[in-house]
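Quick note: the coordinates plus some simple rules give every number you see, no bench work behind them. Since the model is a prediction, treat every value here as computed from it, not as a measurement. Positions of Cβ are backbone-derived with ideal geometry, glycine not excepted, and every protein chain shown enters the neighbour counts.
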Amino acid sequence: MSRVVISVIGHDRPGLVNDLAKLAADLNLSIEDSRMTVLGGEFAVLMSVAGGDLALGRLETKLERLAEDKELAWLLRRTGERTDVEGRVPYTVSVTAMDHPGIVHRVASFFSSRDINIYNLDTVSERAAHTGTPIFSLVMEVELPPDVRIAELRDAFFYFCDDHDLDAEFRPS
């Protein structure tokens, strides 16, 4: 069994998920993992699809046609299974702050400088109910190396957040 990751972006409209799921089903391919969301006026899809090499090759051809017909941007890349996660400890990090540029970069830099992998990240900007103040929220899942001292990392992260006016949580996943 082989695997590809596809990314598709197109104007938000009913039926796009169905179109992509039908492509996979018609080729007897399995959608193993996916993330789909509306960003601005666009619908973005990221999915891992598995099956035989011939079917995956046909998926690429059919996806190209669908993208042309429906005015979609797309990317397909062959991949394998993750093998480097042995012994890593999953943690969830949540950050909330008044919205301003650079929050994601600062938080990502904190973890990447410590060789900690971010494997899932979701962000949203909303307006506070009563004041209309823009509020930014970030939730991410990280994989801590087995040799990391969790209490020290947690303390360093909370000091970092205090320095940058970020409210945060740091907990096992």
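If you check Glu81, Glu86, Glu68 for being assigned to a helix (DSSP H, G or I) and surrounded by fewer than 13 Cβ atoms within 10 Å (Cβ to Cβ), only one passes: Glu68. Residues that are within 24 Å of Asn120 (Cβ to Cβ), hydrophobic (A, V, I, L, M, F, W, C) and outside any strand (DSSP E or B) within region 14-62 comprise Leu16, Val17, Leu20, Ala21, Ala24, Leu29, listed in sequence order.
Please tell me if Gly87 is free of Cβ contacts under 8 Å to residues at least 12 places away in the same chain and at positive phi. In short, no.
Every residue, every condition in (1) among the aromatic types (Phe, Trp, Tyr); (2) more than 19 Å from the chain's Cα centre (by Cα), yes or no:
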{"residue": "Leu59", "(1), (2)": "no, yes"}
{"residue": "Glu71", "(1), (2)": "no, yes"}
{"residue": "Leu75", "(1), (2)": "no, no"}
{"residue": "Thr79", "(1), (2)": "no, no"}
{"residue": "Val93", "(1), (2)": "no, no"}
{"residue": "His105", "(1), (2)": "no, no"}
{"residue": "Phe110", "(1), (2)": "yes, no"}
{"residue": "Ser113", "(1), (2)": "no, yes"}
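Going through (1) more than 15 Å from Arg114 (Cβ to Cβ); (2) surrounded by 11 or more Cβ atoms within 10 Å (Cβ to Cβ) one by one, Thr131 falls short only on (2).
Condition check for His105 on (1) assigned to a helix (DSSP H, G or I); (2) surrounded by 11 or more Cβ atoms within 10 Å (Cβ to Cβ): one failure, at (2).
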